[in-house]
Amino acid sequence: MAAALKCLLTLGRWCPGLGVAPQARALAALVPGVTQVDNKSGFLQKRPHRQHPGILKLPHVRLPQALANGAQLLLLGSAGPTMENQVQTLTSYLWSRHLPVEPEELQRRARHLEKKFLENPDLSQTEEKLRGAVLHALRKTTYHWQELSYTEGLSLVYMAARLDGGFAAVSRAFHEIRARNPAFQPQTLMDFGSGTGSVTCIWGQSLREYMCVDRSAAMLVLAEKLLKGGSESGEPYIPGVFFRQFLPVSPKVQFDVVVSAFSLSELPSKADRTEVVQTLWRKTGHFLVLVENGTKAGHSLLMDARDLVLKGKEKSPLDPRPGFVFAPCPHELPCPQLTNLACSFSQAYHPIPFSWNKKPKEEKFSMVILARGSPEEAHRWPRITQPVLKRPRHVHCHLCCPDGHMQHAVLTARRHGRDLYRCARVSSWGDLLPVLTPSAFPPSTAQDPSES
């Protein structure tokens, strides 16, 4: 299909059977209007297009050397010969994990199965046999979610599997805040489900207090050792870090930045997630950063948390400031990708150089950053939600726009101006495209090259 499409575009012929028009005609159908680059404030400031302010991509992230050395020292003293297999098994398990099925959904499925069995005239069963058949069918078709208990051994495996990738994902989320709000200098940070404690090493010098909360005592001990270079004694190389198993009780305590990375998916029910998200939002002074796996389950979970905060159904909140979506969405409307693909991003990183871990990797994750204040405080440029496809004299961009719709735009210098075309050409998956009127992009009617 790809070869046939390329041939048709090259020859400029029309083939009704394949539904592919010549290249120029396809571009004209995609973007009939002219959308100008948002240069009303001279945002380029004589900088090259490759440095336009919508560029948010980070180069390869690397763990601080002290943290990497500590991890290697801990594994050197404790890891057995099967560590590589354990790391691969845990990584696969965490990535493929689904959310637990809610009791209401289980009851709905049970009623459906019971009705199906009763409608079958060949199955004359007693009530007891019918109940047994329904339970048997439920066990075969229902995802069996299990809570992970992070013992000392499993915490070590988790550190080897997820320390560097988790660090890369949160680094990208923090970079979004720093790049778009450089004046923000947080003093306090709370990390819920802190795990290995790597979040404490990301922001920088302005922070004075870190609160690491994790219900696993073994994980807290491991995190404290990591910050001491892999030993139980000595001073942590980051001061002001406090560890505890439970969230602070006082409703008046707030932190400038609150983080929950890969932790909401560890909670056993939607009710538990709702309670935790509401608590985290009450603790948030400026930014709430939520990160999960870049899967449909992770994305769905984050959209539930996003909607919960935006609807603001808390009773008499102590902080009356409303919440808005700082990133990645350029709007507070329902997510247009929720029923299709997961809204995810990718961050390259250098892994800890274990024997099985030599080559650079990519961390695929979903995130949502919620902020207190007014939406007018944030850029409302469209977000690039897939890899940018660069072709001769045109660029394909998939955009999540401020009007709450997804757009597949094909940009050319002739139709959209040199500035916008060059900005799009140097942009990447996850960047913002500095477009003043993104609604001028109509939905695409031509075939996406990435699908051929």
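The values are calculated or read from the model by the stated rules, or taken from the named source; none is laboratory data. What you see is a predicted model; the values in this text were computed from it and never measured. No Cβ is skipped: glycine too gets one built from the backbone with ideal geometry, and neighbour counts run over all protein chains shown. Heads up: the accessible areas ignore ligands, DNA and RNA and are worked out on the full protein's heavy atoms, side chains in. Shrake-Rupley method; radii C 1.70, N 1.55, O 1.52, S 1.80 Å.
Couple of notes before you dig in:
- Evaluated with a Cβ-only charge set (Lys, Arg +1; Asp, Glu -1), region 321-411 carries a dipole of roughly 460 debye about its Cα centre, given to the nearest 20.
- Within the accessible area of region 75-168, the carbon and sulfur atoms contribute 53%, probe 1.4 Å, all protein chains present.
- Annotation: extensible slack from Leu44 through Ala183 equals 48.1 nm (criterion: 0.36 nm per residue apart, minus Cα-Cα distance).
- Pairs from the list Lys296/Lys359; Lys296/Lys364; Lys270/Lys311; Lys57/Lys359; Lys116/Lys296; Lys115/Lys140 with a Cα-Cα gap above 22 Å: Lys296/Lys359; Lys116/Lys296.
- For Met159, solvent-accessible area (1.4 Å; no DNA, RNA or ligand), Å²: 0
- Given R0 = 41 Å, the distance between the Cβ atoms of Glu224 and Thr126 translates into a calculated FRET efficiency of 0.10.
- Model label sites at Leu310 and Glu275, defined 7 Å from Cα along the beta-carbon direction, differ in position by 2.6 nm.
- Note on region 327-379: dipole from Cβ charges, positive end direction compared against His331, Phe354, Ala342; the farthest Cα belongs to Phe354.
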